[in-house]
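Some notes on the structure that comes next.
The values are calculated or read from the model by the stated rules, or taken from the named source; none is laboratory data. Since the model is a prediction, treat every value here as computed from it, not as a measurement. Please note: Cβ atoms are built from the backbone with ideal geometry, for glycine as well, and neighbour counts cover all protein chains shown. SASA here: full protein model, heavy atoms, side chains in, ligands and nucleic acids out. Shrake-Rupley method; radii C 1.70, N 1.55, O 1.52, S 1.80 Å.
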Amino acid sequence: MKHIREQLNFFMEKANCSAAQLARESGVNAVYISRVRRGVRKDIASSSADALREAMYRIDYETAKQAMA
């Protein structure tokens, strides 16, 4: 499995998603997300990683659903 940093960078570019939007959806602080993306934070709590992955899934699902409407 890819590191959460790679997942965040890929997703946020693909979905045109901001750190603020992902923070609102996941409950993880936007500054923390930015630090993880830049590699400043190398270790991330599994609960935060899980929250971010779930939020990325929800945002991606909603984006796809809107595109099909």
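For His3, the amide hydrogen comes within under 5 Å of no other amide hydrogen, counting only partners 5 or more places away or on other chains and with H modelled in the peptide plane. Straight-line reach from Lys42: taking Cα to Cα under 14 Å and skipping same-chain neighbours fewer than 8 places apart, the aspartates and glutamates in range are Glu6. Measure off, as a whole percent, the carbon and sulfur share of the 1.4 Å-probe accessible area of the chain, all protein chains present. Solvent-exposed carbon and sulfur of the chain make up 51 percent of the total. About the centre of its Cα atoms, segment 1-51 shows a dipole size close to 200 debye [charges on the beta carbon of Lys, Arg (+1) and Asp, Glu (-1) only; nearest 20 debye]. Over the chain, DSSP H runs of length four or greater, each weighted -39,500 (n - 2.57), average out per residue to a 222 nm ellipticity of -23500 deg cm²/dmol. Among the listed options [x] 39, 20, 20; [y] 36, 22, 20; [z] 52, 18, 14, the one matching Cα extents along the principal axes in Å as calculated from these coordinates is [x].
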